[in-house]
């Protein structure tokens, strides 16, 4: 074969370009190629059949991911107006060979990693030594597989800056506001046959001439990467020629930047030896639904398709042969969206907006308004000058909420299949959209339906959602349900995103089904967990996920951790969590019986260490109060299981001890009163003991503070208590009084106004003044003099406490 | 004729079509675009006139510096014979843009209705010469046409300044004019239809007290463009520099134009006080109650120049600037004074030696 013979037809495109798709189809119809070769990972060629199925609704993407840790991913998205996708459809309809010819995904992932500046390992670089230059600077197009999982490195940004300035200059020379508008006016709107292809070829050649040398020196990685890709593409083209296709009947569809160098595939094709030397990571491919939101630059995907839905409208208008319809369609859709959100705009305004947009276009000598001009017109007419009025509607029309879908059975990983099966089983398929929806679940058995499956539909949904949450698949977010329904209801926000799909694919490494993956994740977490709080949370998670076996694992872990713990606060928190699970577990149809012994055990330990733990600072006492409340609650709710007698004994002991934190002793006393285990006489005796003259005020008042934290009404009605308190305070000297004041103020601060009035009445009776007067004094505003006294108190030295 | 010429030269302020006569002539001569009916040059030439560029060998000075797309929208509006409403805070060059647009499009920026609370419907439509009306009854000779009616007859662009200051009823007189493009005179049994090229550019203020809300029906008949305060320091600097130079020339102020450094300081202070934030976005500031627009910065600097010329050395000093700043920022109440004081001590004082002189002067002035 002579070199002169081998000249294939190359059609350079922007990857998401309706104009390009349109011209490409015309071109294909004219050339009638027997082979259509497309820039894209060559190992994904087998997916072309799935991509062109009529049941596959774009936007969809080819996702490549490494099948071992650390997971790296790369994406090749396709919209309905992607020239590549249209070329695939054309080829499948005409029975032409259709192949993807870019580097296989494994190599692309490996090189992508190297390009990110791992300075030690630059295996791919050696090939550049004799290389011709190349540049990763297609006209703002997305040739490079974009990393899905992490943002592009700093290098790429710089590369962007260098090339951006070139593009800005082009736009400026053409008298346009930005490069996007320049592109739209000069490429997308260009209806002349061949103009698109020829100008891209010329553009590509000149661009390379301009920027190559600099890139070679400034961004050698980028440069080398492009070179390797082009060499590989040539190799693939040659293979197709060798397979017997006439070069004249081969059309290569590639990013604009590569267009100029692929026409003659013999020059610089990759040899077998070079191919062998390519670094590669073991990887898998799958198709996934994609979304316009993700495709737009709004979510950080700067591939130059800032308005996917707008371009889709453009494509549809072109396909139906009426590209002039676009401005009318765009502006009336915007107006309709505005009306739907309650801002009325008349048809007359839409008409004027179309006229204005066309006027703006003619100022630039354009044949049709560009997106920028349509937006300006919308702002002026529909927004009455204000962008804020129309901004939301415009984003909806520009970006759209479309989300792609795949034909059943097309998804390539077992986990994707499993999730789809689950969604179908639980009648959730309709929630797989890009629009967030609220979903309220009632976990109780639905007794009005006949089948078991239907009766627990919501519960099973809840299991699935919790499992997704555990796998960190961002499909659902939980929302706090109202307190009255917290036990049996759950509120969720459901929204599908491509990120969710990517996470699903990544989770494949954990297991083949959602359940297995969850089990794996739970086991990992349990192994890593070090505190009993974590362990009890994991048990909770296991119950919520409906995974009984893991609950048992969790129980074991918690038990072994608890055996070493002496921290009452932590133990009781874990016990409280368990108690919740035991009490409400049957709603989730979990057999919680195995947890009861553990609960018993935790409770027992909590009681045993109570007295020790109560020897603590005032600060730690807050945590202890919560712990004691928890334990008391457990004692009430599970009195059949736990040792309540022990609890009472421990409480009495703490209540009587003088060497523990007085607040906790007071609180223990309050709990005893509440439980009816302390008689009025005992209480009176205790009060008089605690509040007898001579007791330091921080002890006395601190105790009172603890006491007053529970069963207020019982206390309020006890006249004797107040007279004792009154006497005690009277007995304090000034200095002591000031100290006591601190505690008392804190104790009373949590009393409601009504409770304060009741105290006032009681005190009034004691002091023999009118109850109302007393109430006025206690609840009224402070007078200036009193303010001053309080100010003085603020200077009080708390150093002693 | 000669008398008219001297009169022109003595005018305090020349209308745009006379001030930039040369440029307009050059643009008309070099114009290769399609001229819409009733216009004197093509839309592209109007754009060049407003945003600057070249006409043959002549440099066209930019009249509106800032967002070029806004100007494009304004021109495209007039091409589609829609009325244009320019909205913005005081001092965002609304009237300036409207005057220059009419000057370029129709060559006559003098068909103006200046809206006030006292503007009546007659001033929008037509009124009568009552002596003639009484003597001869309603005749075409007794009819006094409003600037808008004259613009309709001539197919040119009329201006309606400060439309939001007029009473709502008066504003609404425009509704039928804008949709029917005719004014009927029932007394004469006739009606005046607008010739091609007729349009109205109205300006409205969003911030001042004493403005009337415009009805939705009227708003709907306008293409509305909101003119923003200059978007960045450089734009504002160049606007101020250019206008100060022009005004100084026309008033023949005998003072050196302000140094770039002084311009920078004034614009910086104005931008910071306007946005309530220092330029580096690190510190929050209080904004004074009044408007501190670019136009104020321009008049402040020309005032300071006049001060320097008349009572000083002719060289603008920090004291001259400080006096101007004091007047522009502290308008009516004591709160502004505190805001200014706070700014001086918290921001300006810490700005280093170049600002020291101005700081001292301002502080003394604000005592």
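For chain B, the fraction of alpha-carbon pairs lying more than 25 Å apart is 61 percent, rounded to a whole number. A simple spin-label model places the labels of residue A:172 and residue B:242 1.7 nm from each other, with each point 7 Å out along Cα-to-Cβ.
For the range A:696-744, the Kirkwood radius over C-alpha pairs fed into Stokes-Einstein at 10 °C and 1.306 mPa s yields D = 143 µm² per second.
Of all the options B:134, B:19, B:300, the one that moves most in a Gaussian network model of chain B with Cα springs shorter than 10 angstrom is B:134. The spacing between the range A:518-535 and the range A:656-691, judged by their C-alpha centroids, is 41 Å. Highest average first, the peptides A:326-337, A:527-538 ordered by how many other beta carbon atoms sit within 10 Å of their residues are A:326-337, A:527-538. Taking label points 7 Å from Cα along the Cα-to-Cβ direction, residue B:180 and residue A:67 give a separation of 8.0 nm.
For the protein assembly as shown, the fraction of alpha-carbon pairs lying more than 51 Å apart is 52 percent, rounded to a whole number. Per residue of A:350-358, other chain Cβ atoms within 10 Å of the residue Cβ number 3 on average.
Taking the Cα atoms only, what angle lies between the long axis of helix B:168-180 and the longest principal axis of chain B, rounded to 10 degrees? Taking the Cα atoms of chain B, the angle to B:168-180 is about 50 degrees. Length gained on full extension, residue A:277 to residue A:656, computed as 0.36 nm times the residue gap minus the Cα-Cα distance: 128.3 nm. The mean count of C-beta atoms from other chains within 10 Å of the C-beta of residues in A:383-389, rounded to a whole number, is 4. Above 18 Å lies some portion of the pair distances; for the range B:233-366, what is it as a whole percent of all C-alpha pairs? More than 18 Å apart: 51 percent of the Cα pairs in the range B:233-366.
Taking every alpha-carbon pair in the range B:60-218 and binning the separations at 10 Å intervals from zero gives 10, 38, 34, 13, 4, 0 percent. Note on A:360-366: average number of Cβ atoms from other chains within 10 Å of each residue's Cβ is 5.
With the gyration tensor restricted to C-alpha atoms of the range A:529-656, the semi-axes of the equivalent ellipsoid amount to 25, 16, 11 Å, longest first. Taking 0.692 mPa s as the viscosity and 37 °C as the temperature, the Stokes-Einstein diffusion coefficient of the range A:483-576 based on its alpha-carbon Kirkwood radius rounds to 217 µm²/s. Comparing B:214, B:149, B:41 in a Gaussian network model of chain B (Cα springs below 10 Å), the most mobile by mean-square fluctuation is B:214.
As a rough guide to protection, the peptides B:270-280, A:705-715 ranked by mean Cβ packing within 10 Å, highest first, stand as A:705-715, B:270-280. Going 7 Å from the Cα of residue A:213 in the Cα-to-Cβ direction, what parts of the range A:261-288 have a backbone nitrogen less than 15 Å from that spot? Within reach of a label on residue A:213, which here means backbone N under 15 Å from a point 7 Å along Cα→Cβ, the range A:261-288 contributes nothing. Ranking of B:121, B:234 by neighbouring Cβ atoms within 10 Å, starting from the fewest: B:234, B:121. Dividing the summed -39500 (n - 2.57) terms of all DSSP H runs of n ≥ 4 by the residue count of chain B sets its mean residue ellipticity at 222 nm at -15500 deg cm²/dmol.
The helix-based estimate of mean residue ellipticity at 222 nm for chain A, built from -39,500 (n - 2.57) per DSSP H run of four or more residues and divided by its residue count, is -17500 deg cm²/dmol to the nearest 500. The base-10 log of I(q)/I(0) for the range A:518-571, evaluated at q = 0.26, 0.29, 0.30 Å⁻¹, reads -0.95, -1.12, -1.18 [Debye formula, identical scatterers on Cα atoms, solvent excluded]. Highest-first packing order for the peptide set A:286-296, A:759-769 is A:286-296, A:759-769, based on the mean count of other beta carbon atoms within 10 Å.
From least to most packed, judged by other beta carbons within 10 angstrom and beginning with the fewest, A:722, A:703 follow the order A:722, A:703. Overall, the anisotropy analysis places the range A:393-541 in the rounded class: the square-rooted eigenvalues a ≥ b ≥ c of its C-alpha gyration tensor yield a/c less than 1.5. What does the C-alpha gyration tensor say about the overall shape of the range A:308-398? Classify as rounded when a/c is under 1.5, otherwise prolate if a/b is larger than b/c, or oblate. Since a/c reaches 1.5 but b/c is at least a/b, the shape of the range A:308-398 is classed as oblate.
What does the C-alpha gyration tensor say about the overall shape of the range A:197-255? Classify as rounded when a/c is under 1.5, otherwise prolate if a/b is larger than b/c, or oblate. It is oblate, given that a/c is not under 1.5 and a/b is not larger than b/c. Give me Rg over Rh for the range B:1-127, both radii from the alpha carbons and Rh done the Kirkwood way, two decimal places. Expressed as Rg/Rh, it is 0.99.
How fast does the range A:570-632 diffuse by Stokes-Einstein, in µm²/s, taking the Kirkwood radius from C-alpha pairs at 25 °C and 0.890 mPa s? Approximately 198 µm²/s, per Stokes-Einstein. Annotation for residue A:677 and residue A:438: the two label points, set 7 Å from Cα along the Cα-Cβ direction, are 4.5 nm apart. Relative to the longest principal Cα axis of chain A, at what angle does helix A:195-218 sit, 0 to 90 degrees, rounded to 10? The helix A:195-218 is inclined about 60 degrees to chain A.
Using the Cα coordinates of the range A:252-345, the gyration tensor eigenvalues translate into equivalent-ellipsoid semi-axes of 42, 20, 11 Å, sorted from longest to shortest. Where does helix A:414-425 land angle-wise versus the long Cα axis of chain A, in degrees 0 to 90, nearest 10? The angle comes out near 70 degrees.
Hey, how many Å between the Cα centroid of the range A:169-207 and the Cα centroid of the range B:288-341? Using only Cα atoms to place each centre, the spacing works out to 50 Å.
Bear in mind that the values in this text are calculations on the coordinates, not laboratory data. Predicted model, so just to flag it, every value in this text is computed and none were measured. Glycine also receives a Cβ, built like all others from the backbone with ideal geometry; neighbour counts cover every protein chain displayed.
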